[in-house]
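A short write-up of the structure that comes next.
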Amino acid sequence: MNMQRREALKAGGGLGLFGLLAAAGLITPSQARAEWNKSAFDAKTIEETLKALGATGAQNSTDIQITAPDIAENGAVVPVGVVSALAGVEAIALLIEKNPNPLAASFMLPAGTEASVQTRVKMGQTSDVIAVVKVGGKFIMTKKEIKVTLGGCGG
Amino acid sequence: MADPMKIRASAKDGITEVKVLMSHEMETGQRKDSSGNLVPAHFITELSAEHNGKQVLAAQFGTAVSKNPYLAFKFKGGAKGDKLAVSWVDNKGDKRTDEVAIN
């Protein structure tokens, strides 16, 4: 009885591992994917976030455009886009200064992907939205104020 | 299992424009339910897009991305009929991959 149980466990365990590996192989992209940057997403201030991103001292630049409304009626869904005409942009991060955790999203752009991303974010209140762009190993940033008439983080 | 994503990928003049609409609650972990308990955070953390198996975008999301996240981006190359796959993982380990043909 015991032996059978052991064998069953063994077989089951083996199958489970195999299934996991197969699933991992199927779903995980072949390219190495960066770990979710917990310290950057947990940061509470712009400075902490920039530090966690390794972007401390990012210079203001006019080469980045933030496309977003000046006034957002609904803070739960604010369309924000970041566009840059610069070549060789490697990464884009989107920060909202007055949110509990400023970092909203970060994007890694492999060569060939244009510096143009759009998404929708939640904003608790009127705030500056900051786009940080990594180009040629250096960080640059720009900001735009978006006025929110109805916050997006209420219950 | 989450609902499928809506993905549109269109190639024009050598550039493929991709628009993705995911179906996800994106709970921030800061909201309270009617009885005053915190609703635990549940949000997409990572997203990857691949064109014919080559990664064209990797993204990390925080809780500030809106419910049912929308994402649009562009990459060079891509022709009609090519495969474009988008996959995401959330903080509870749920994942989803959807694939479309570029048109």
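Every number in this text was worked out from the coordinates using simple rules, so none of it is lab data. Source: prediction; values computed, not measured. Note: ideal-geometry Cβ built from the backbone for every residue, glycine included; neighbour counts use all protein chains shown.
Numerical summary
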{"read-out": "Exposure proxy ranking, count of Cβ atoms within 10 Å, fewest first, for A:Ile146, A:Ile71", "value": "A:Ile71, A:Ile146"}
{"read-out": "Interchain or long-range residues, amide H under 5 Å from B:Arg96's placed H", "value": "B:Trp88"}
{"read-out": "Surrounding net charge for A:Gln118, when Lys and Arg each add one and Asp and Glu each subtract one, Cβ distance under 12 Å", "value": "+1"}
{"read-out": "Principal semi-axes in Å for chain B [√(5λ), Cα gyration tensor, largest first]", "value": "31, 11, 11"}
{"read-out": "Linear extension gain, A:Lys143 paired with A:Val77, 0.36 nm per residue minus alpha-carbon span", "value": "21.9 nm"}
{"read-out": "Amide hydrogen neighbours beyond the local backbone of A:Ile96, cut-off 5 Å, H modeled", "value": "A:Leu103, A:Ala104, A:Ile130"}
{"read-out": "Spin-label proximity, A:Lys38 to region B:60-102 - amide N less than 14 Å from point 7 Å beyond Cα toward beta carbon", "value": "B:91-93"}
{"read-out": "³J(HN,Hα), Karplus 6.51/-1.76/1.60, whole Hz, each residue of region B:66-82, x for Gly, Pro", "value": "4, 4, 6, x, 10, 8, 10, 7, 10, 9, 6, x, x, 10, 3, x, 4"}
{"read-out": "Members of A:Lys134/B:Lys6; B:Lys32/B:Lys92; B:Lys54/B:Lys74 lying beyond 26 Å, as alpha-carbon distances in this model show", "value": "A:Lys134/B:Lys6"}
{"read-out": "Virtual spin-label span in nm between B:Ala101 and B:Lys54, 7 Å along Cα→Cβ", "value": "2.1"}
{"read-out": "A:Thr113 long-range amide H proximity, modeled H, under 5 Å", "value": "B:Lys76"}
{"read-out": "Rounded FRET efficiency, nearest 0.05, which uses the C-beta distance separating A:Gln65 from A:Ala87 and R0 of 22 Å", "value": "0.90"}
{"read-out": "Cβ-based exposure ranking for A:Phe139, B:Phe73, in which fewest neighbours within 10 Å come first", "value": "A:Phe139, B:Phe73"}
{"read-out": "FRET E, pair B:Val39, B:Lys76, Förster distance 35 Å, beta-carbon r, rounded to 0.05", "value": "0.25"}
{"read-out": "Debye log10 I(q)/I(0) for region A:38-148, one point scatterer per Cα, at q = 0.12, 0.15, 0.21 Å⁻¹", "value": "-0.36, -0.57, -1.12"}
